[in-house]
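First comes the structure, then the notes that go with it.
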Amino acid sequence: MSERAFNGAALEWPAPANEHRQQIGGRNVKERAAVARFPLVAFDQIRLSTSPRYRVSKLLPIHVLTVMWGPPKCGKSFLAFDMPMHVAVG
């Protein structure tokens, strides 16, 4: 059974504010207004920083190899799992 037959007649929802419809060759074609995904910055306005960047504030720098060591059963595995989970969540 098709989805249309199961759900009944198809509903026509209003188009989003930034979407326009045109009829081309008997078909509805969606056109969206252009939205800038990345801001344009002039070359002379770019300023590079020399301070280190951290993945975890003041603890885990971005472009380095990190080693954790300590006695057994002190929480190394928990910390190694907990930090990337917090980074992933934000």
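Quick check on my filter: what residues within region 65-85 are surrounded by 10 or more Cβ atoms within 10 Å (Cβ to Cβ) and either under 20 Å from Arg53 (Cα atoms) or among the charged types (D, E, K, R) (or both)?
Result: Thr66, Met68, Lys76, Ala80, Asp82, Met83, Pro84.
Starting from region 68-90, keep only residues that are closer than 18 Å to Ser57 by Cα, then list their pairs with residues that are surrounded by 10 or more Cβ atoms within 10 Å (Cβ to Cβ) and of a type in the set (Val, Ile, Thr) whose Cβ atoms are within a distance under 8 Å, requiring at least 6 positions of separation or different chains.
As it stands, the answer is Met83/Val56; His86/Val56; Val87/Val56, since those pairs meet every condition given.
Test each condition in (1) outside any loop (DSSP other than H, G, I, E, B); (2) modelled with pLDDT of 85 or more; (3) surrounded by 10 or more Cβ atoms within 10 Å (Cβ to Cβ) for Pro52 and report the one that comes out false.
Tallying (1) outside any loop (DSSP other than H, G, I, E, B); (2) modelled with pLDDT of 85 or more; (3) surrounded by 10 or more Cβ atoms within 10 Å (Cβ to Cβ), Pro52 fails exactly one: (1).
Output yes when any residue across region 64-87 is part of a loop (DSSP other than H, G, I, E, B) and at pLDDT below 85, and no when none is. Walk me through it before giving the result.
So in region 64-87, the residues part of a loop (DSSP other than H, G, I, E, B) come out as 64-75.
Cutting the leftovers down to at pLDDT below 85 gives us none.
Scanning region 64-87, I find no residue that is part of a loop (DSSP other than H, G, I, E, B) and at pLDDT below 85, so the answer is no.
The values are calculated or read from the model by the stated rules, or taken from the named source; none is laboratory data. Keep in mind that what you see is a predicted model, and the values were worked out from it rather than measured. Cβ: placed from backbone, ideal geometry, glycine included. Neighbour counts: every protein chain shown.
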